[in-house]
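Data first, discussion second: the structure below is written as structure tokens.
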Amino acid sequence: MLNFDHAASTPAHPDVIRTIAEVMAVHSGNPSSIHRSGEAASKLLERSREVCAEALDVKPGEIVFTSGATESNNLAIKGVMLGRSDGRRHIVTTQIEHSSVYESCRQLESLGFETTYVQPESDGTVSTDRLLAAVRQDTALVSIMHVNNETGAVQPIEEIGRRLKSLDSRVLLHVDGVQGFGRLALDLKAASIDLYSVSAHKIRGPRGVGLLFVREGVRLFPLLSGGGQEGGLRAGTENVASIVGAAKAFRLAAEGRTERAAKMKAFRDTLVKEVRLHQALTLTEPIKPAPHIVHFTFPGLKSQVILHTLEELGMLVSAQSACAAKTEKPSRVLSAMGREREHATSGIRLSLGDEHTQEDIRLLSEALDKAVRRLAPLRGESDN
Ligand code: PLP
């Protein structure tokens, strides 16, 4: 079985697995304890913070470890809005964010906050003009993803950051960097990003660890209260072994980014050519695509049917984001892009990882060809 669902999760790197096992075997201390064992754990934790800070080119004190990007996004959005005391109660985000951003905003709305969800252009890119036009005098936060997890559309984060700050320097910018980190370059300082979410399991680290970059001076209302860990922003005994493993994954992802992106881009180009060969498929073509995601639709069929046919042919792919995979509802992202229902219910995402080879790509192309030949005559039989 070949796994082409790396945007959902990636296989942990062997060095990461080894590191986690070693730390778990040797270190049993609680980093908050003041005895030797606790101090050893605390040292490992702080060293991991330094490694992650280096990978993001920020200060160690600006890193908050979390349980993953869902928590990072929740902490960024709710933390800013609940911590703000200047009466600003409006958020600007987009219609194509991950559910952890979308649902955080929805929850805040139930508490009296307001959100504007900006529509993307038809290729899946969010226009900076349109986004900034939604900013009001009472806007506290703009939250936007770097790379869309479904279509791979890269958003103009640098331009948004630059122009947002000259429009109103008191509006904070949060970027969900989950699908961009380790694949695309991003200078957090130059882009004036105040908060940045990343997840370890998307870059060959362990599941259940992420981090939030919080620019020095940005105030957040903590979502978890307790022992005051993580600078008071995230109470709870830290998952030291997984954090040490995650730091290794962050370092590897940052160090190998240029070569990884170039290799993925070449593989993506091959797959795009294969998709274009089939009239029955419609390639989703963002103006600026991320190197690791290829998305297409197969109108007349349900995503699940295509996905399971590819699975029978030995290929693991996905329909929408992993969290939405079990629903048969039209994709929220494709619907926001103005795609008709028959497209919004028939999307397939192929996502690449750094361990894929030329031969894997050839096998995937072959399987795609077989799947299209097998399924094209069945189009229209499922009630799209
Ligand atoms: N944001 C994006 C863009 C994602 O793709 C994901 C994962 O699918 C998340 C956030 C959530 O990450 P985690 O699985 O670490 O909670």
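Only the coordinates and a few stated rules stand behind these numbers; no lab work does. Everything quoted here is computed from the prediction, not taken from an experiment. Because the Cβ atoms are built from the backbone with ideal geometry, glycine has one as well, and the counts that use them run over all protein chains shown.
Quick check on my link table: of LYS265/LYS370; LYS189/LYS248; LYS165/LYS189, which ones sit more than 21 Å apart, alpha carbon to alpha carbon?
In this structure, LYS265/LYS370; LYS189/LYS248 exceed 21 Å between Cα atoms.
Gap in Å between the Cα centre of region 295-310 and the Cα centre of region 360-376?
The two parts, judged by their Cα centres, are 12 Å apart.
In terms of the ratio Rg/(2.2 N^0.38 Å) built on C-alpha atoms, what value belongs to region 127-243?
1.16
In region 277-378, which GluC sites (Glu not before Pro) fall in coil by DSSP and have 15 or fewer other Cβ atoms within 10 Å?
Those that pass, being in a loop and sparsely packed, are GLU328, GLU340, GLU355.
I want to check the label-to-label distance for ASN30 and GLU255. Put each point 7 Å from Cα in the C-beta direction and report it in nm to one decimal.
In this crude label model, ASN30 to GLU255 measures out at 3.5 nm.
Counting only other residues whose beta carbon sits under 12 Å from that of THR66, what net charge do I get with K and R as +1, D and E as -1?
-2
Using unit Cβ charges (K, R positive; D, E negative) and no other charged atoms, how large, in debye to the nearest 20, is the dipole of the chain about its Cα centre?
260
Setting aside same-chain residues fewer than 8 positions from LYS263, which aspartates and glutamates have a Cα under 16 Å from its Cα?
GLU255, ASP354, GLU355, GLU359, ASP360
May I ask you to work out the translational diffusion coefficient for region 1-44 at 37 °C, viscosity 0.692 mPa s, via Stokes-Einstein with Rh from the Kirkwood sum over Cα pairs, reported in whole µm²/s?
262
For region 1-81, what are Rg and Dmax over the alpha carbons, in angstrom?
Radius of gyration, then largest Cα-Cα span, for region 1-81: 15.9, 48 Å.
Hey, what did the chain get for relative contact order, percent, Cα under 8 Å, at least 6 apart?
Reported as a whole number, the value is 22 percent.
With r as the distance between the Cβ atoms of SER127 and ASP15 and R0 = 45 Å, compute the FRET efficiency 1/(1 + (r/R0)^6) and round to 0.05.
0.65
Sort VAL51, VAL244 so that the residue with the fewest other Cβ atoms within 10 Å of its own Cβ comes first and the one with the most comes last.
VAL51, VAL244
How high is the FRET efficiency between GLN358 and ARG163 when r is their beta carbon distance and R₀ equals 30 Å, given to the nearest 0.05?
0.15
Distances over 33 Å make up what percent of all Cα-Cα pairs in region 14-255?
Cα-Cα pairs in region 14-255 separated by more than 33 Å: 17 percent.
Given the convex hull of the Cα atoms of region 252-384, what is a quarter of its surface area in nm²?
8.4
Between the alpha-carbon centers of region 16-58 and region 167-184, tell me the distance in whole angstrom.
Using only Cα atoms, the two centres lie 27 Å from each other.
Testing the spin-label approximation: label points 7 Å from Cα along Cα→Cβ at ARG374 and GLN119. State their distance in nm.
Each label point lies 7 Å from its Cα, and together they span 3.8 nm.
Within region 14-255, what percent of beta bridges assigned by DSSP are antiparallel, to the nearest 5?
Antiparallel bridges: around 35 percent, rounded to the nearest 5.
Over all Cα pairs of region 170-234, how is the pair count split among 10 Å bins, expressed in % and running from 0 up to the last occupied bin?
Bin by bin from 0 Å, the calculated values are 18, 45, 33, 4.
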